[in-house]
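Before any comments, here is the structure.
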Amino acid sequence: MAGYAYRHYGVRSFRLHPKLIVLHFTDSGPGSYPGVHALFNANAPNGGELPGVCAHYVVDQDGTIYQQVPLDIMCRHAIGVNDHAIGIEMIQQQGISSHWADQQILHRRPQIRSVLALVRWLQGRFHIAQKNVIGHSMANDSPLFHDREGWRNDHTDWQAQDVRELRRRL
Ligand SMILES: [Zn+2]
């Protein structure tokens, strides 16, 4: 991770200094946590680079929160902001659209309850403002975005309109 951070951010360190929370959904084949964890744990190269993609937390549909990475260590979940962002994955298929998928989560009571509690706790612990709770689809537009290799995100998970709805519930 320190090598990735040097190539993309110019810092020779894997230490995370959280300023941002990025919301994701998995859109992966496995519909439950063991399968999702196995995907991350495989540590497969992404964009030809290691470490593999990951996220600090995964929130299952039943509301269980799994922590995969300590909060003082960066992991690869959103290009351009991994040096400042805590990543939260929610287990959800994309289905007909990202907006539809976001809405499934917003209406799934046990899961969204856990997500909101987790985000609130992280905001308090790291003094993260509401505007810095963003969706993956919004990462390229964050003032904190930077990437020395010119990489950009092309993911559509958590649309701005749905993030606004989530922020209102915080
Ligand atoms: Zn994502």
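The values are calculated or read from the model by the stated rules, or taken from the named source; none is laboratory data. Computed from a predicted structure; not experimentally measured. Cβ coordinates were reconstructed from backbone atoms using ideal geometry, including for glycine residues, and neighbour counts include every protein chain displayed. Side chains included, ligands, DNA and RNA excluded: accessible areas come from the protein's heavy atoms. Shrake-Rupley method; radii C 1.70, N 1.55, O 1.52, S 1.80 Å.
Okay, here's what the table says:
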{"read-out": "The lone exception for residue 103 - which of (1) within 16 Å of the ligand (Cβ to nearest atom); (2) surrounded by fewer than 19 Cβ atoms within 10 Å (Cβ to Cβ); (3) among the polar types (S, T, N, Q) it fails", "value": "(1)"}
{"read-out": "Top-ranked residue in the range 32-86 [being touching a strand residue (DSSP E or B) at 6+ places or on another chain (Cβ under 8 Å) and of a type in the set (Ser, Thr, Tyr); ranked as nearest to residue 9 (Cα to Cα)]", "value": "57"}
{"read-out": "Test: residue in the range 48-58 that is over 26 Å from residue 118 (Cα atoms) and touching a helix residue (DSSP H, G or I) at 6+ places or on another chain (Cβ under 7 Å)", "value": "yes"}
{"read-out": "Residue match in the range 108-116 (condition: assigned to a helix (DSSP H, G or I), more than 14 Å from residue 60 (Cβ to Cβ) and at pLDDT 95 or above)", "value": "yes"}
{"read-out": "Subset of the range 117-144 (residues that are assigned to a helix (DSSP H, G or I), closer than 15 Å to residue 167 by Cβ and of a type in the set (A, V, I, L, M, F, W, C))", "value": "117, 118, 119, 122, 138"}
{"read-out": "Residue 97 vs. criteria under 29 Å from residue 43 (Cα atoms), exposed (fewer than 14 other Cβ atoms within 10 Å of the Cβ), modelled with pLDDT of 95 or more and of a type in the set (Ser, Thr, Tyr)", "value": "yes"}
{"read-out": "Enumeration of residues in the range 19-64 that are away from the ligand (no atom under 16 Å from the Cβ), open to solvent by less than 60 Å² (accessible area, probe 1.4 Å) and not in a loop (DSSP other than H, G, I, E, B)", "value": "33, 35, 38, 49"}
{"read-out": "Inter-residue pairs, beta-carbon under 6 Å, first open to solvent by less than 50 Å² (accessible area, probe 1.4 Å) and in the range 116-134, second modelled with pLDDT under 95, 6+ apart", "value": "none"}
{"read-out": "From the options 82, 153, residue that is part of a loop (DSSP other than H, G, I, E, B), buried (at least 22 other Cβ atoms within 10 Å of the Cβ) and within 14 Å of the ligand (Cβ to nearest atom)", "value": "82"}
